[in-house]
1. Name all residues of the range 28-48 having a backbone nitrogen under 11 Å from the label point set 7 Å from the Cα of Ala79 along its Cα→Cβ direction, giving them as ranges.
2. Would you grab the residues whose amide H sits under 5 Å from the one on Leu31? Only those 5+ places off in sequence or on another chain, please, with H modelled 1.01 Å from N.
3. For the range 25-139, go through all pairs of different Cα atoms, get the mean of 1/r, take its inverse, and jot down that Kirkwood value in Å.
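What follows is calculated from the coordinates using simple rules that are stated; it is not laboratory data. Computed from a predicted structure; not experimentally measured. Positions of Cβ are backbone-derived with ideal geometry, glycine not excepted, and every protein chain shown enters the neighbour counts.
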Amino acid sequence: MSESRAPRIASGRCAAPPELPAPNLAITLPLDRYAPRAARHHVALVDSPSPDLRDAIVLLTSELVSRVVEHAWPGAGDAFELRVWMPPDVVRVEVRAPRPLLGGRPTAGAPNFDHLLFGHLADRWSVAADEQATWFEIDRVRPRVASPV
């Protein structure tokens, strides 16, 4: 039987907790059409998670960065920051950019494919533009579910 998880959406005000150590990756990338590919490349080189976890991290990172690129306009800025933490218990990926580039509320009636992906693959996430960062977290160690007797 598969475990069903409800998406846990945090508000944008829940940026990186102060107790986080220095990130395993902190890089400033140019804000251009190649940014999602560059972000996928850099994230894939951090640590050595299982192939399934790596695929989820790379896919969701691409979504975060694509949102920034999608909301960019001439003069919006020329770069954004990608930060990644991969301690043994949780993976956290964060994109920091000027607030308008992080996107706002989805358009009514428009498909929300990024929210579906985050809701299915991430344990915690925020794509709200309340702060200057969007992020997701994936637990590396899944809690054991007691089997029925």
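1. Counting only backbone N, you get 28-31.
2. Ala79, Phe80
3. Kirkwood hydrodynamic radius for the range 25-139: 14.2 Å.
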